[in-house]
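Written below as structure tokens is the structure these notes are about.
Only the coordinates and a few stated rules stand behind these numbers; no lab work does. Predicted model only: the values in this text are computed from it and were never measured. Ideal geometry is used to build each Cβ from the backbone, glycine not excepted, and the neighbour counts take in all protein chains shown.
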Amino acid sequence: MSPVPADDRGWFELVLGNQAPLWELYADAFDGRVERQGDVQATIVPASPNRSFFNSVFYESADSLTDALPRLAEIYDEAGVRAWTVWIPASDEVARDALADAGHTLDATPRAMGLGLTHLRPPEPDPETEIRREMDTEACRAINEIAYGYPEGDFPPMKPMPETEIYLADLDGETVATALTWDRGDDVEITFVAVLPEARGRGISRRILGEALERERERGRAASTLIATRLGRPVYEKLGYRDAGGLEMWEKRR
């Protein structure tokens with residue numbers, strides 16, 4: 001079987017299948033834990049009680065999710081977490097209805113995206129931007145916290161994760177952008193892509209990802225996947241990523 005999916009459905013399944021194990025890594029990196037209720041997995045990160053992203057739930061069966069929701073609410077409440085979210089395929093009407101009935105609200109509609117690395121379209125280099133690979137988790141944390149507008153402390157301290165690399169971009173001696181790669185078999189998942197506000201509009205995120213993906217291709221990886229926000233999607237499309245389908249994040253906040 002080819003390590004590169006042949007169609008959008010294959011890419012979507014690859015993206016979705018990566019998320020539960022990725023959030024297991026996040027649980028360790030952010031001093032959290034994972035709870036399971038049947039085929040439902042919840043990551044609990046008390047160090048970030050206000051950010052539902054870190055406190056994410058993934059599932060296989062909508063019926064199992066529906067049954068687990070009351071207990072999940074108790075678990076997050078007991079942990080002092082005030083915001084948590086459930087990721088669902090945009091086509092899952094059963095899960096959507098159950099979440100709405102349980103008091104969740106639609107918070108975001110990201111897109112699953114995939115790229116066969118033979119089709120990578122790296123940008124031209126910028127001589128003013130220096131890109132380096134360094135496991136500087138504090139720089140990754142701080143840049144993401146600022147770039148996404150989190151209040152100070154909402155992006156918790158972060159420990160290194162297995163099979164990951166951190167890429168950083170420097171402009172005029174200042175570190176202004178970051179991205180993290182995670183190797184999973186023939187696929188490399190991209191996450192924590194962020195550029196400081198003062199450095200935006202220069203194509204830095206494309207350059208940092210282009211360099212990271214070229215290195216992954218040289219190391220034998222065949223595919224790359226990620227989940228894109230509305231603002232990030234055009235950046236990834238320019239690199240060659242294809243849109244494989246929609247996801248929804250249903251948040252419960254108190």
In vacuo Debye sum over C-alpha of segment 114-244, base-10 log of normalised intensity I(q)/I(0) at q = 0.13, 0.20, 0.23 Å⁻¹, listed in q order, is -0.50, -1.22, -1.57
Could you give the distance between the Cα centres of segment 57-131 and segment 1-20, to the whole Å? 16 Å
For the chain, calculated [θ]222 nm from helices alone, where every DSSP H run of n ≥ 4 adds -39500 (n - 2.57): -10000 deg cm²/dmol
One finds, for residue 172 and residue 200 with R0 = 22 angstrom and r their Cβ-Cβ distance, a FRET efficiency to the nearest 0.05 of 0.90
Where in segment 52-153 are there GluC sites (Glu not before Pro) that are in a DSSP coil and have at most 15 other Cβ atoms within 10 angstrom of their Cβ? 60, 128, 134, 152
Loop only by DSSP, 13 or fewer other Cβ within 10 Å of the Cβ. Give me the GluC sites (Glu not before Pro) in segment 158-207 that pass, ordered by residue number. 163
Rounded to the nearest Å, the spacing of the alpha-carbon centers of segment 155-175 and segment 180-236 is 13 Å
On full extension of the chain, what length is gained from residue 119 through residue 82, given 0.36 nm per residue of separation minus the C-alpha to C-alpha distance? 9.1 nm
Full-extension gain in nm, residue 94 to residue 33, via 0.36 nm per residue minus C-alpha separation: 19.2 nm
Percent of C-alpha pairs per 5 Å bin, the chain, short to long: 1, 6, 13, 17, 19, 17, 13, 8, 4, 1, 0, 0
What list of ³J(HN,Hα) values in whole Hz, one per residue of segment 68-82 in order, does the Karplus curve 6.51 cos²θ - 1.76 cosθ + 1.60 (θ = phi - 60°) give from phi, with Gly and Pro shown as x? 7, 4, x, 5, 4, 4, 5, 4, 5, 5, 5, 7, x, 8, 9
For segment 88-171, what number results from the quotient of the Cα radius of gyration and 2.2 N^0.38 Å? 1.56
Gain in length, residue 183 to residue 9, computed as 0.36 nm per residue apart minus the alpha-carbon separation, to one decimal in nm? 60.5 nm
Return one number: the angle in degrees, 0 to 90 and rounded to the nearest 10, between the long axis of the Cα atoms of helix 8-29 and the longest principal axis of the Cα atoms of the chain. 80 degrees
HN-Hα couplings for segment 88-97 via Karplus (6.51, -1.76, 1.60; θ = phi - 60°), in whole Hz with x for Gly/Pro, come out as 9, x, 4, 8, 8, 5, 5, 5, 4, 5
Amide proton proximity set for residue 184, modelled H, under 5 Å, gap of 5+: 189
Net charge of Cβ neighbours under 14 Å - reference residue 174; Lys, Arg +1; Asp, Glu -1: -3
